[in-house]
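Comments concern the structure below.
The values are calculated or read from the model by the stated rules, or taken from the named source; none is laboratory data. These numbers were taken from a predicted model, which means no experiment stands behind them. Cβ atoms come from the backbone with ideal geometry, glycine included; neighbour counts cover every protein chain shown. With ligands, DNA and RNA removed, areas are computed over all heavy atoms of the protein, side chains included. Shrake-Rupley method; radii C 1.70, N 1.55, O 1.52, S 1.80 Å.
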Amino acid sequence: MISLAAPAIYLAGYLARAPSRCACVPGRQGAEQPLAPMKAEQAAAAAGETPRFRWDAFGSEPLEPQREAIKGLSPKLPNRCRALMARLMCLPPPDQDWDGDEDDETLGALLVFWVKAKRPKRADWLLVLKELTAMESTLLAQVLEHALLEDSFEANVRDYTKLIHIYGKQKLLQKAEDTFHAMKSRGLPCDQVMLTALMDMYSKAGDLTRAKEIFEEIGLLGLPMDKRVYGSMIMAYIRADMLDKAEDMIREMGDQQIVAGKEVYKALLRAYSYKGDSEGAQRVFDAIQFAGIVPDTKLCALLVNAYCLTDRINEAMIVTRNMRSAGITLCDKCIALILGAYEKVNRLEGALAFLTELEENGVIIGQEPSQLLAGWLRRLGVVQEVEQVLKDLAVDRKNTLEVDRKKNSLASDRKIKRRRSKSKRSFASSLQHK
């Protein structure tokens with residue numbers, strides 16, 4: 001068993017910073033643990049003595065999973081960081097057992113004591129944050145928020161950006177804005193990365209107006225307008241279903257010799273595809289290739305989907321043939337989409353011809369299209385008839401291939417005969433010359 005106790009730490013100024021404490025702290029199992037050490041601190045303070053602190057005053061005794069997690073901490077972690085991580089791992093998550101304010105107070109007290117006792121440097125803070133990130137701890141944002149207030153952390157713009165990014169992912173816009181204003185109040189300058197993170201946050205929250213304001217502010221401040229800035233604004237237009245604006249911005253990027261990222265093109269292609277706008281999807285697909293991005297199976301499937309939704313099956317099949325010619329694997333989704341389009345227009349013969357063509361080209365029909373076809377045939381009640389049609393189609397195709405093979409063979413034989421005749425004439429001419 002790992003001992004988490006540490007030598008007593010004497011603190012004179014903590015009670016002034018955290019005067020109010022609850023009488024008890026619920027443990028992870030829901031049982032209340034009296035805070036005797038805290039009462040002893042208050043009594044010592046009243047008597048004019050230096051308060052005493054114990055690490056085990058925080059959290060509960062570690063359970064077996066927690067002990068294993070503590071053992072799994074990086075062996076390169078300094079002792080001062082390991083001691084803090086051990087206590088943090090014994091605290092319950094913010095959404096369990098404890099009231100939010102009490103939880104924040106307990107975590108804040110633990111960090112205050114750690115700073116006073118261990119005098120960490122910025123490198124120590126970063127190691128703790130790195131461990132919390134690797135563990136996907138729910139305490140990461142709270143620890144980082146507290147660290148930003150400590151002089152030993154030496155906070156910079158990038159640290160505030162990271163916290164805003166965390167709040168943005170959790171959709172806590174107010175906290176992110178408070179963090180931004182706190183950074184400005186400390187006199188730290190806004191850079192392009194910080195403003196891009198804010199723009200991306202507003203974009204994901206569906207606030208197009210604020211995203212546009214941030215985009216314009218980046219330009220007014222004279223900050224570089226790179227693919228990340230444009231990409232965030234394009235994504236905001238896509239989420240707002242303003243696809244024409246997104247396309248205009250991609251063209252604007254092209255005029256400035258800036259190439260949008262593949263994920264931006266894919267998002268725009270997906271938006272056109274799901275709307276059934278095959279022309280828009282084809283435009284974006286062409287732009288992808290023009291930008292030097294090699295289309296993959298997923299991008300081709302989005303284009304196939306756009307054509308199938310508008311019943312343009314022939315164009316969808318052309319896409320699949322181009323995929324095979326380019327060596328791109330034809331996925332089951334593409335096949336299922338085309339079969340679904342054939343079923344929609346009730347063209348069973350075309351669907352069977354399509355499947356026969358695929359099998360002749362060595363394409364294996366997967367589970368999804370097979371189940372779709374089986375359900376269609378059951379609804380039509382023509383399973384046996386279709387089996388016969390498939391056999392007939394296979395025989396016809398085989399005969400066609402056999403005829404083509406014979407023609408190729410005859411043409412090859414003629415070429416061989418011509419080469420031999422030419423060789424004989426050349427040999428006879430050489431003998432006569434001699």
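Modelled label-to-label distance, LYS71 and ILE365, 7 Å Cα→beta-carbon offset: nm?
It works out to 5.5 nm between the two label points.
Checking the table LYS175/LYS262; LYS245/LYS333; LYS171/LYS333; LYS175/LYS245; LYS171/LYS245 against a 27 Å threshold on Cα-Cα, which pairs fail?
Values: LYS175/LYS262 31 Å; LYS245/LYS333 30 Å; LYS171/LYS333 33 Å; LYS175/LYS245 30 Å; LYS171/LYS245 25 Å.
Violating the 27 Å Cα-Cα cut-off are LYS175/LYS262; LYS245/LYS333; LYS171/LYS333; LYS175/LYS245.
Once the range 120-178 is represented by equal point scatterers at the alpha-carbon sites, with solvent omitted, what log10 I(q)/I(0) does the Debye formula produce at q = 0.23 Å⁻¹?
Values returned for q = 0.23 Å⁻¹ are -0.95.
Could you compute the net charge surrounding GLY168? Neighbours are other residues with a C-beta less than 11 Å from the C-beta of GLY168; K and R count +1, D and E count -1.
Details: positive: LYS162, LYS169, LYS171, LYS175, LYS204; negative: GLU177, ASP200.
Here the count lands on +3.
Net charge near SER278: determine it from the other residues with C-beta under 11 Å of the C-beta of SER278, scoring Lys and Arg +1 and Asp and Glu -1.
Values: positive: LYS275, ARG283, ARG312; negative: ASP277, GLU279, ASP311, GLU315.
Summing Lys and Arg as +1 and Asp and Glu as -1 gives -1.
Where does each of THR106, THR209, THR133 land when they are ordered by accessible area, with a 1.4 Å probe and the largest first? Can you show the working numbers first?
Numbers: THR106 0, THR209 90, THR133 65 Å².
Per-residue accessible area, sorted high to low, gives THR209, THR133, THR106.
Rounded, prolate or oblate: which fits the range 275-349, taking a ≥ b ≥ c as square roots of the Cα gyration tensor eigenvalues, rounded meaning a/c under 1.5, else prolate when a/b beats b/c?
Details: a/c = 2.42, a/b = 1.49, b/c = 1.62.
Judged from the Cα gyration tensor, the range 275-349 comes out oblate (a/c at least 1.5, b/c at or above a/b).
Which shape class applies to the range 170-228: rounded if a/c is under 1.5, otherwise prolate when a/b exceeds b/c and oblate if not, where a ≥ b ≥ c are the square roots of the Cα gyration tensor eigenvalues?
Details: a/c = 1.95, a/b = 1.05, b/c = 1.86.
Taking the square roots of the gyration eigenvalues as a ≥ b ≥ c, the range 170-228 is oblate.
Based on the Cβ-Cβ distance of GLU279 and ARG405, what FRET efficiency does E = 1/(1 + (r/R0)^6) give at R0 = 51 Å, to the nearest 0.05?
On the way: r = 41 Å, r/R0 = 0.81.
The computed FRET efficiency comes out at 0.80.
Grab the beta carbon distance between ASP244 and ALA123, set R0 = 45 Å, and tell me the FRET efficiency rounded to 0.05.
The value I calculate is 0.35.
Rounded, prolate or oblate: which fits the range 162-260, taking a ≥ b ≥ c as square roots of the Cα gyration tensor eigenvalues, rounded meaning a/c under 1.5, else prolate when a/b beats b/c? Each step should come with its number before you reach the end.
Numbers: a/c = 2.46, a/b = 1.46, b/c = 1.69.
Taking the square roots of the gyration eigenvalues as a ≥ b ≥ c, the range 162-260 is oblate.
State the extension gain, in nm to one decimal, for the chain segment bounded by ASP226 and VAL345, taking 0.36 nm per residue of separation less the distance between their alpha-carbons. All intermediate terms of the calculation are to be shown ahead of the outcome.
Details: separation 119, 0.36 × 119 = 42.84 nm, distance 4.63 nm.
Using 0.36 nm per residue and subtracting the Cα-Cα distance, I get 38.2 nm.
If the chain between THR356 and ASP296 were fully stretched, how many nm would it gain, using 0.36 nm times the residue separation less the Cα-Cα distance? Walk me through the intermediate numbers first.
Working: separation 60, 0.36 × 60 = 21.60 nm, distance 2.42 nm.
Gain on stretching THR356 to ASP296: 19.2 nm.
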